[in-house]
Amino acid sequence: MLESRNVSVFYGRHRALENVSASVAKGEIVVMLGANGAGKSTFLRAIAGQTRKMDGSTVLMDGADITHRPAHEIVETGIALVPEDRGIFADLTVQENLTLGAHPNRARQREADNLARVLSLFPKLRERPKQLVRTMSGGERQMVAIGRAMMSAPTILLLDEPSLGLAPLLCTELFRTLARIKEAGVGIFLVEQNAKQSLAIADRGYLLDNGHIVGADTAAALAKDEKVKAAYLGE
Ligand code: ATP
């Protein structure tokens, strides 16, 4: 279980997040919805140890305090982040990108098992180990990015707007894959603007507005909520 308690982040004097408390358990999909600039990426970066958090912020992984640990140690606790820019190397091949994901200590001994698991999740990657990532489509690159993160054998996967820029059909495929990753016991915390498809696969959700959590409920309840419909579902 990954849990944030009262996490606050300032950029200079700009308050990007204030007292954000949220959690995700293994085998659960949780979505955080919010408009542009609400602070969603900041929240994921804060959890992953990539942004300084204010005093009073706490992040717990399986009960252990990881609030002030550096990013590379946080990866070793089983948390992997796929950033909005996807964090992959365009001039390397699929295989090379996946191998880079196996760098953390927790992954090295089981690299072959992890690779087999990733390739079963993304059969397209199995067909094209030598393809340069820059020659791949947006959807395929997203698969490489998630595959690379899965190579560290995470128990919690953090995804920053994975559906951004993907054609509708690829979005559907992506969300289906996330459901399969969940079935394998991994917890997924994703931030999204695509409310409809993310709520359809999520168990729970949070609404983030201007750095604050303004709502939290089951995904089914959020999908029916009039305010959510108006703000995020365009209905
Ligand atoms: P988007 O969906 O557009 O990526 P977001 O919800 O992920 O938005 P953040 O990227 O977390 O939002 O940004 C939250 C606020 O913090 C915004 O006002 C943004 O301009 C500001 N911000 C983000 N990163 C920095 C930074 N490194 N320095 C200063 N301000 C920043």
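Per residue, how much accessible surface does segment 55-182 expose to a 1.4 Å probe? Answer in Å², no decimals. The partial results should precede the final answer.
Details: 6010 Å² over 128 residues.
Using a 1.4 Å probe on heavy atoms only, each residue of segment 55-182 averages 47 Å².
For segment 8-54 and segment 163-221, write down the distance between their C-alpha centroids in whole Å.
Centre-to-centre distance over Cα atoms comes out at 15 Å.
Per residue of the chain, what 222 nm ellipticity follows from adding -39500 (n - 2.57) for every DSSP H run with n ≥ 4, rounded to the nearest 500? Walk me through the numbers on the way to the answer.
Values: 11 runs with 91 residues, N = 235.
The helix-only estimate for the chain comes to -10500 deg cm²/dmol at 222 nm.
To test your reading of the geometry: what angle, between 0 and 90 degrees and rounded to tens, separates the Cα axis of helix 138-150 from the longest principal axis of the chain?
Relative to the chain, helix 138-150 is tipped by roughly 90 degrees.
Rank Lys53, Lys130, Lys26 by mean-square fluctuation in a GNM of the chain with C-alpha springs under 10 angstrom and give only the top-ranked residue.
Greatest mean-square fluctuation among the candidates belongs to Lys130.
Give the cross-link partners of Lys224 among the aspartates and glutamates, using a straight C-alpha distance below 12 Å as the criterion and excluding same-chain residues fewer than 8 apart.
Output for Lys224: Glu235.
Given that compact globular proteins tend to follow 2.2 N^0.38 Å, what is the ratio of the alpha-carbon Rg of segment 100-169 to that value?
Working: Rg = 12.4 Å, N = 70, 2.2 N^0.38 = 11.1 Å.
Taking N as the residue count of segment 100-169, the ratio is 1.12.
Note down the magnitude of the dipole of the chain about its Cα centre, charges +1 on Lys and Arg C-beta and -1 on Asp and Glu C-beta and zero elsewhere, to the nearest 20 debye.
380 debye
Given that compact globular proteins tend to follow 2.2 N^0.38 Å, what is the ratio of the alpha-carbon Rg of segment 127-235 to that value?
Details: Rg = 15.1 Å, N = 109, 2.2 N^0.38 = 13.1 Å.
So segment 127-235 has a normalised radius of gyration of 1.15.
For segment 28-41, what does the Karplus curve 6.51 cos²θ - 1.76 cosθ + 1.60, with θ = phi - 60°, yield as ³J(HN,Hα) per residue in whole Hz, taken in order and with x for Gly and Pro?
10, 10, 10, 10, 10, 9, x, 6, 3, x, 5, x, 5, 5
Can you work out the PRE-style zone for Arg52? Point 7 Å along Cα to Cβ, and I want the residues of segment 69-111 with backbone N under 18 Å.
The answer is 69-72.
Would you mind counting up the charge near Ala16? Only other residues with Cβ under 14 Å from its Cβ, with Lys and Arg at +1 and Asp and Glu at -1.
On the way: positive: Arg13, Arg15, Lys40, Arg45, Arg52, Lys53; negative: Glu18, Asp209.
Local net charge: +4.
Taking all pairs of distinct Cα atoms, average 1/r, flip it, and tell me the Kirkwood hydrodynamic radius of the chain in Å to one decimal place.
Working: mean 1/r = 0.0560 Å⁻¹.
It works out to 17.9 Å.
At a 1.4 Å probe, what is the % contribution of carbon and sulfur to the accessible area of segment 49-203?
Values: 3800 of 7190 Å².
Summing carbon and sulfur atoms, their accessible area is 53 percent of the total for segment 49-203.
Please compute the Cα-Cα pair-distance distribution of segment 1-118 with 5 Å bins starting at 0, giving whole percents from short to long.
2, 10, 18, 21, 19, 14, 9, 5, 1, 0
For helix 168-183, what angle does its Cα long axis make with the longest principal axis of the chain, in degrees from 0 to 90 and rounded to 10?
Computed tilt is about 90 degrees.
Give a residue-ordered list of calculated ³J(HN,Hα) values for segment 8-25 (Karplus: 6.51 cos²θ - 1.76 cosθ + 1.60, θ = phi - 60°; whole Hz; x for Gly, Pro).
Couplings: 10, 9, 10, 10, x, 9, 7, 8, 8, 9, 9, 6, 8, 10, 7, 8, 8, 9 Hz.
Let a ≥ b ≥ c be the square roots of the eigenvalues of the Cα gyration tensor of segment 61-119; is it rounded (a/c under 1.5), or, if not, prolate (a/b larger than b/c) or oblate? Could you put the intermediate results ahead of the total?
Numbers: a/c = 2.50, a/b = 1.47, b/c = 1.70.
Oblate, because a/c is 1.5 or more while a/b does not exceed b/c.
Taking Lys182 as the anchor, which lysines have their alpha carbon closer than 20 Å to its alpha carbon, excluding any fewer than eight residues away along the same chain?
Here the lysines satisfying the reach criterion relative to Lys182 are Lys26, Lys124, Lys196.
The values are calculated or read from the model by the stated rules, or taken from the named source; none is laboratory data. Owing to the predicted nature of the structure, the values given are computational and were not obtained by experimental measurement. Cβ coordinates were reconstructed from backbone atoms using ideal geometry, including for glycine residues, and neighbour counts include every protein chain displayed. Surface areas here come from the heavy atoms of the whole protein model, side chains and all, with no ligands, DNA or RNA. Shrake-Rupley method; radii C 1.70, N 1.55, O 1.52, S 1.80 Å.
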